[in-house]
Amino acid sequence: MVKGIRKEAYDCEKYVSGKSMDEVMAEYGLSSVIKLGSNENQYGPYETAFKEMQAEVGRINIYPEKNYIRLKELLGEKLGVTKDWVSLGHGAGNVLDSVAKTLLEDGDEVIVPQQSYRLYREISKIMGAKVIEVPLNDSYTIDLNDFKKALTPKTKIVWICNPNNPTGSIIDKDSFSSFIDAMPENCWMVLDEAYAEFCDSDLLPDVMKFIKEGKNVIDIHTFSKYYGLAGGRIGYLVASPEFVNWYDTVSEPFNANRIGLAGAVALMENEEECKKYGDLMIHDREWLNEELTKLGCKCYPSYANFVFFETPYSASEIGEKLLQKGIIVRPCGGWGYEKHLRVSIGTTEQNKEFLQGIKEVLQTMN
Ligand SMILES: *Cc1c(COP(=O)(O)O)cnc(C)c1O
């Protein structure tokens, strides 16, 4: 046993990522693979961002002051606030972690959706909080009425993923306001909107309205999915300037890198490419949903850049057979969904190859 490790760390689970492309190629003797297991954007990096990022490499010896401020200003403009309402992190994951550090102490309770992004649970445990898990409802959706029942005077954070990963579902936006009002005074709602850009904004709660009204709401976004910069590691939060001030006090000074920042700034100045390919991915998501349904899979409405679906067979077995064909997807057994899989929307070409692959796999299972 290693000495000196915090007792809270013993309760944490290490993040297990999906297999990398190189691993799959080596293991299965393949010359190419399609990676649709991590919800990355296969059309990225966008040309708009790529040029600026290349130019930025030559300035990597200098701290990223200029673009750090510039990105906050651009995000503020987009959201109708000044830059004091925005802060950054190296990926939304880091933003979530710093929020946990800012708010949580021993004895606090947090509420998390049981079938959702795993990080909420782990970063809460490491801060000494007690984690209350609330299962999704029968339609694989986070139900705020169920969450309301789990609120106690000790609840400090309610972590919500909307649209939810891995199910693609969205909360009933009409239940949002009464939930916020039911939260105890010191409790914060942290809304992870990593996939919001893939969803019609009318279907999501108007988070900015709640934040501007001074409610305890923190909104989190990432450049990893819609904007195609997963390796650039840029995430951000929007909250009241008072909260942002504490977040900035707790997080490290320059918690975003020059190259990612240069890409993000370029994309905020010109979203044309993102919009063009974003629309295409949304179109392909609906197409894939229909095609999988035709193959006899049970598909669920998705508002993200992936499709969540169920077959009559073991998802891990299907995942394994797809790997043999060089197609990486995410079987959802880790969330207790033994027959469900999550497949990210790739390029149209890749989506077609995935469909052909799963068609063949399903035939061998019959
Ligand atoms: C991918 C993802 C993130 C993390 O994004 P990064 O910015 O790459 O850290 C956060 N939340 C959810 C729900 C995600 O799926």
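Considering only residues that are β-branched (Val, Ile, Thr) and within 11 Å of the ligand (Cβ to nearest atom), which ones fall in the stretch 209-246?
ILE220, THR222, ILE234
Restricting the stretch 20-39 to residues that are crowded, with 19+ Cβ neighbours inside 10 Å and assigned to a loop (DSSP other than H, G, I, E, B), which is nearest to the chain's Cα centre (by Cα)?
In this case the residue turns out to be ASN39.
Just to be sure I understand, how many residues within the stretch 326-366 are small (Gly, Ala, Ser) and closer than 14 Å to GLU310 by Cβ?
Going through the stretch 326-366 one residue at a time, the tally reaches 2.
Within the stretch 144-156, which residues are closer than 15 Å to VAL190 by Cα, surrounded by fewer than 20 Cβ atoms within 10 Å (Cβ to Cβ) and not aliphatic (A, V, I, L, M)?
Selection gives LYS148 alone.
What single numbered condition from (1) within 25 Å of GLY80 (Cβ to Cβ); (2) loosely packed, with under 15 Cβ neighbours inside 10 Å fails to hold for LYS212?
(2)
Quick one: would you say SER87 is touching a Ser or Thr at 6+ places or on another chain (Cβ under 6 Å) and within 23 Å of GLY260 (Cβ to Cβ)?
Spelling it out, it is not the case that SER87 is touching a Ser or Thr at 6+ places or on another chain (Cβ under 6 Å) and within 23 Å of GLY260 (Cβ to Cβ).
Condition first: in a loop (DSSP other than H, G, I, E, B) and among the β-branched types (Val, Ile, Thr). Now tell me which residues in the stretch 318-333 satisfy that.
VAL329
When you scan the stretch 76-99, do you find a residue that is without any contact (Cβ under 8 Å) to a residue 60 or more places away in the chain and within 21 Å of VAL158 (Cα to Cα), even just one?
yes
Could you figure out which of (1) touching a Cys at 6+ places or on another chain (Cβ under 9 Å); (2) surrounded by fewer than 17 Cβ atoms within 10 Å (Cβ to Cβ) isn't true of LYS66?
Here LYS66 clears every test but (1).
To keep it simple, each residue is scored yes or no on (1) surrounded by 15 or more Cβ atoms within 10 Å (Cβ to Cβ); (2) charged (D, E, K, R); (3) over 19 Å from the mean Cα position of the chain (by Cα).
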residue	(1), (2), (3)
GLU310	yes, yes, yes
TYR313	yes, no, yes
GLU320	no, yes, yes
LEU323	yes, no, yes
ILE327	yes, no, yes
LEU341	yes, no, no
GLY346	yes, no, no
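Out of curiosity, is GLN42 within 16 Å of the ligand (Cβ to nearest atom), polar (S, T, N, Q), loosely packed, with under 15 Cβ neighbours inside 10 Å and closer than 25 Å to CYS332 by Cβ?
No.
Pick from ILE160, ILE180, ILE171: which is outside any loop (DSSP other than H, G, I, E, B) and surrounded by 22 or more Cβ atoms within 10 Å (Cβ to Cβ)?
When all the criteria are applied, what remains is ILE160.
Of the conditions (1) under 19 Å from the mean Cα position of the chain (by Cα); (2) away from the ligand (no atom under 13 Å from the Cβ), GLU109 clears all except one; give me its number.
(1)
Readers should treat all values here as calculations from the given coordinates under stated rules, not as data from a laboratory. In this text, all values refer to a predicted model and were calculated from it rather than measured experimentally. Because the Cβ atoms are built from the backbone with ideal geometry, glycine has one as well, and the counts that use them run over all protein chains shown.
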